[in-house]
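Student: This is the structure I have questions about; it appears just below.
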Amino acid sequence: MLYFNMNVRQKKLIEKLHKLERLSIEEEAVIFKVAPMTIRRDIQLFEKQGIAIRTHGGAVPRISEPAQLFIQPDASAAQKKIARKALELIPDDCNLMLSAGTTTLEVARQLAASDLRICVITNSLPVAAVLFQTKIQVILTGGSLRNNSLDLIGPVTEKNLDEYYIDLLITGCDGASAEEGFFTKDLNLAEMEKKSVKKSSRTIIVTESHKFRKPAFVKFASMTEVSTVITDKKLSGEDASKITKSGIELVLV
């Protein structure tokens, strides 16, 4: 098991470890109602991953450990429903481009637990981490790491995309307009997303409905460039009508 696939108890233990700067095996066993050996094994895992240092009866955090960055927040209920529906639309034995984002990360989590045998191309380090040691082949795009998130962008990323045939792109957005299309806050990320859309035979947008009518900084795809939009049932009737009139498949979950 790796730190980016930890269970709820282990994630809570890590949060406490970094907040209190110590863990007690006996105390945590009582709090979580498990045997002390269970907490001891958790701490052994943390040490193996470079997150903690074992002490007598507990553990202390390893200082300046970047590994904790891979521990991503859980998806919302809406994102989980959207991801489940997206999974149903992924054919076996396809080349899937899975872009960075919280909803696409949830798609990756559900892919990891599925029986699909596909190739995933991604610019997201968390997505690659979730799919590590599964039967899914993973290809990282390469490129420059963004300053504020664990995804890859830039000319190298865009150039490398030319080497791949992509059956399906699944991506999210920072903002959306039922008339204009889909937006992101980052100019460099937008260029990568534009290239991904052009390279893909089919594009599915996965996004929560609250992002509609909130265009972000730069558009990466017009409405007519995507095949399907999957969102939650809180989408307004007016926006739903505009999307379907554009000839786009709209799936509400």
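Student: With each label point set 7 Å from Cα along the Cα-Cβ vector, what nm distance links Glu238 and Glu26?
Tutor: 6.4
Student: Quick one: of the DSSP bridges fully inside the chain, what percent are antiparallel, nearest 5?
Tutor: In the chain, approximately 40 percent of DSSP beta bridges are antiparallel ones.
Student: FRET efficiency for Thr224 and Ser149, Cβ-Cβ distance as r, R0 = 45 Å, nearest 0.05?
Tutor: The calculated FRET efficiency here is 0.95.
Student: With r as the distance between the Cβ atoms of Thr38 and Leu89 and R0 = 51 Å, compute the FRET efficiency 1/(1 + (r/R0)^6) and round to 0.05.
Tutor: Taking R0 as 51 Å, the efficiency between Leu89 and Thr38 is 0.85.
Student: Sorting check: for 94-104, 195-205, 131-141, which peptide has the highest mean count of neighbouring beta carbons within 10 Å, and how do the rest follow? Spell out each step's value before the answer.
Tutor: Values: 94-104: 23.1, 195-205: 20.3, 131-141: 15.9.
Sorting 94-104, 195-205, 131-141 by mean packing, highest first, produces 94-104, 195-205, 131-141.
Student: Pop the C-beta distance of Glu249 and Phe217 into the FRET formula with R0 = 35 Å and round what comes out to the nearest 0.05.
Tutor: The calculated FRET efficiency here is 0.85.
Student: Now for a separate question. Kindly put Val253, Val30, Val120 in sequence by how many other C-beta atoms sit within 10 Å of each C-beta, fewest to most.
Tutor: Val30, Val253, Val120
Student: Between Phe132 and Asp115, what is the label-point separation in nm under the 7 Å Cα-to-beta-carbon projection?
Tutor: 2.8
Student: Could you list Glu15, Glu88 so that the one with the fewest beta carbons within 10 Å of its beta carbon is first and the one with the most is last?
Tutor: Glu88, Glu15
Student: Compute the Kirkwood hydrodynamic radius of the chain, taking the inverse of the mean of 1/r over all pairs of distinct Cα atoms, and give it in Å to one decimal.
Tutor: Working: mean 1/r = 0.0511 Å⁻¹.
After inverting the pairwise mean of 1/r, the radius is 19.6 Å.
Student: Lys and Arg at +1, Asp and Glu at -1: add these up for the other residues within a Cβ distance under 14 Å of Asp74 and post the number.
Tutor: +4
Student: Continuing with the same structure: May I ask for the angle, rounded to the nearest 10°, between helix 36-48 and the longest principal axis of the chain, with both axes built from Cα atoms and the value confined to 0 to 90°?
Tutor: Relative to the chain, helix 36-48 is tipped by roughly 60 degrees.
Student: Under a crude label model (7 Å from the Cα following the beta-carbon direction), how far is Ala77 from Lys11 in nanometres?
Tutor: 1.7
Student: If I stretch the segment between Lys198 and Val60 completely, what's the gain in nm (0.36 nm per residue apart, minus their alpha carbon distance), one decimal?
Tutor: 44.8 nm
Student: Report for the range 121-253 the percent antiparallel among DSSP-assigned beta bridges with both residues inside it, nearest 5.
Tutor: 40
Student: Give the separation of the Cα centroids, the range 10-57 to the range 105-150, in Å.
Tutor: Answer, in whole Å: 28.
Coordinate-derived values only; no laboratory data. Computed from a predicted model, the values in this text were never measured in an experiment. Note: ideal-geometry Cβ built from the backbone for every residue, glycine included; neighbour counts use all protein chains shown.
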